[in-house]
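Q: Let me begin by handing over the structure; questions about it come next.
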Amino acid sequence: MSVVLSLPTPERARQWVERLRAELPDWDIRERDDPGPAEAVEYVVVWRPAPGWMATFPNLKAIVSIGAGVDHVLADPDCPREVPIIKTTGEDLTQRMREYVALHVLRLHRALPELEAAARERRWSQVVVPPATSRRVGVMGLGKLGRAAVMTLLGLGFDVSGWSRTGRAIEGMRGHHGADGLGDFLADCEILVCLLPLTPETRGILDARLFAALPHGASVVNVGRGQHLVERDLLAALDSGRISHATLDVFATEPLPTEHPFWGHPAVSITPHTASLIDPATGAAIIARNLLELDKHGELADTANVADASRGY
Ligand code: OXD
């Protein structure tokens, strides 16, 4: 069985290849630059593959995304959509996202950016915040990771609402859905967490109109995709005070260019797409399990891990 990996950096590709070889010692696992005969390649394992690259393998059986998102695969106009596109998900990824959302929502809730700024100036500035039970937090996107985020926030005592395309009920959460439910949802979000998949409908959803519908001084945590955000609208909303702080893990251009105005902005906290970055050890074990199942049965029993290309996630 022949597998080729394509990752943005050769160093990361090498780590993943080594791990996958250890998991699947009888398989032929290769890097992008040494794929062997194109006809022999049955599986590709990718993160942001170069456009057109996947289509060079005529006998492909499946595409595996190293991550929960598949937008980076579907962004290729030549992506072979007739083969299954498999997401790499698992408790490990979900746990990492739970930790990230808890950390950053608590940080904003407890006014830590303000306290840290005061401390840098050696100012003793006590800020009294309400308890979490009176803090309204909203989660956009209620897939696996969104639901895990909601449960974590509820567990911390926050007053949580959720918004999704079709509506999902979670005990203890106020649910909203569809375009009609968006206004009421946003009016209720002092801290907004975006965990939406990137689709044509959600691209640019974090824009000036959305910011204007949030309570004045709300903050935003974007752990979806950089393309959800209209960057100039966020900068304007931060400058006017409409939005008090933005915590951003994902960006339209990654790595974020050094000259980007988000770097060093006092009201922007940046993490370099690490919210639920999977490590090769755990990820390779999940991918190997999925490849073995695909090879044996031609499909995965857990269809939640098979992307629906028409929906875009
Ligand atoms: C993912 C990600 O899609 O980390 O898993 O962005």
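Q: Select from segment 276-294 the residues that are open to solvent by 30 Å² or more (accessible area, probe 1.4 Å), within 13 Å of the ligand (Cβ to nearest atom) and assigned to a helix (DSSP H, G or I) and list them in ascending order.
A: Once the filter is applied, which keeps residues that are open to solvent by 30 Å² or more (accessible area, probe 1.4 Å), within 13 Å of the ligand (Cβ to nearest atom) and assigned to a helix (DSSP H, G or I), segment 276-294 yields only 282.
Q: Output the number of the condition that residue 50 fails; it satisfies all remaining conditions of (1) within 26 Å of residue 297 (Cα to Cα); (2) at pLDDT 95 or above.
A: Just one mismatch for residue 50, condition (1).
Q: So for segment 142-159 (the condition being within 30 Å of residue 2 (Cβ to Cβ), within 13 Å of the ligand (Cβ to nearest atom), part of a loop (DSSP other than H, G, I, E, B) and not aliphatic (A, V, I, L, M)), does at least one residue qualify?
A: No, the conditions are met nowhere in segment 142-159.
Q: Does segment 110-129 include one or more residues that are in contact with a Pro (Cβ under 6 Å, 6 or more places away or on another chain), more than 16 Å from the ligand (Cβ to nearest atom) and modelled with pLDDT of 95 or more?
A: Going through segment 110-129, the residues in contact with a Pro (Cβ under 6 Å, 6 or more places away or on another chain) turn out to be none.
No, every residue in segment 110-129 fails to be in contact with a Pro (Cβ under 6 Å, 6 or more places away or on another chain), more than 16 Å from the ligand (Cβ to nearest atom) and modelled with pLDDT of 95 or more.
Q: In this structure, is residue 38 under 23 Å from the mean Cα position of the chain (by Cα), more than 16 Å from the ligand (Cβ to nearest atom) and farther than 16 Å from residue 298 by Cα?
A: no
Q: Still on this structure, please answer the following. Considering only residues that are open to solvent by 40 Å² or more (accessible area, probe 1.4 Å) and part of a loop (DSSP other than H, G, I, E, B), which ones fall in segment 178-196?
A: Result: 190, single match.
Q: If you scan segment 228-255, which residues turn out to be surrounded by fewer than 20 Cβ atoms within 10 Å (Cβ to Cβ) and within 16 Å of the ligand (Cβ to nearest atom)?
A: 252, 253, 254, 255
Q: Is it fair to say residue 14 is within 16 Å of the ligand (Cβ to nearest atom) and of a type outside the set (Gly, Ala, Ser)?
A: Here the answer is no, as residue 14 does not meet what is asked.
Q: Which ones in segment 295-313 are away from the ligand (no atom under 16 Å from the Cβ) and surrounded by 14 or more Cβ atoms within 10 Å (Cβ to Cβ)?
A: Selection gives 295, 300.
Q: May I ask you to verify whether residue 145 is under 20 Å from residue 286 (Cβ atoms) and either of a type in the set (Lys, Arg) or in the same structural domain as residue 196 (by TED's automatic domain parsing) (or both)?
A: So residue 145 passes the test.
Q: Turning to a different aspect of this structure: Applying the selection to segment 256-275, what residues are small (Gly, Ala, Ser) and within 15 Å of the ligand (Cβ to nearest atom)? Show your work before the answer.
A: The initial filter retains those residues of segment 256-275 that are small (Gly, Ala, Ser), namely 264, 267, 269, 275.
Within segment 256-275, 275 is the sole residue that qualifies.
Q: Taking the options 282, 303, 247, 258, name whichever one is polar (S, T, N, Q), more than 27 Å from residue 106 (Cα to Cα) and touching a helix residue (DSSP H, G or I) at 6+ places or on another chain (Cβ under 6 Å).
A: The conditions single out 282.
Q: Taking segment 50-79 as the region of interest, how many residues are assigned to a strand (DSSP E or B) and within 16 Å of the ligand (Cβ to nearest atom)?
A: Taking segment 50-79 as the starting set, the residues that turn out to be assigned to a strand (DSSP E or B) are 62-65.
Within this subset, residues satisfying the condition of being within 16 Å of the ligand (Cβ to nearest atom) are 63-65.
Qualifying residue count for the region: 3.
Q: Counting only residues that are at positive phi and open to solvent by 30 Å² or more (accessible area, probe 1.4 Å), how many does segment 147-166 have?
A: Residues that pass the stated criteria total 0.
Q: I would also like to ask the following. Go through segment 80-107 and count every residue that is within 16 Å of the ligand (Cβ to nearest atom) and either surrounded by 16 or more Cβ atoms within 10 Å (Cβ to Cβ) or assigned to a loop (DSSP other than H, G, I, E, B) (or both).
A: The number of residues fulfilling the criteria is 15.
The values are calculated or read from the model by the stated rules, or taken from the named source; none is laboratory data. Just so you know, these numbers come straight off a predicted model, no measurement behind them. Ideal geometry is used to build each Cβ from the backbone, glycine not excepted, and the neighbour counts take in all protein chains shown. In case anyone asks, the SASA skips ligands and DNA or RNA and just uses the protein heavy atoms, side chains included. Shrake-Rupley method; radii C 1.70, N 1.55, O 1.52, S 1.80 Å.
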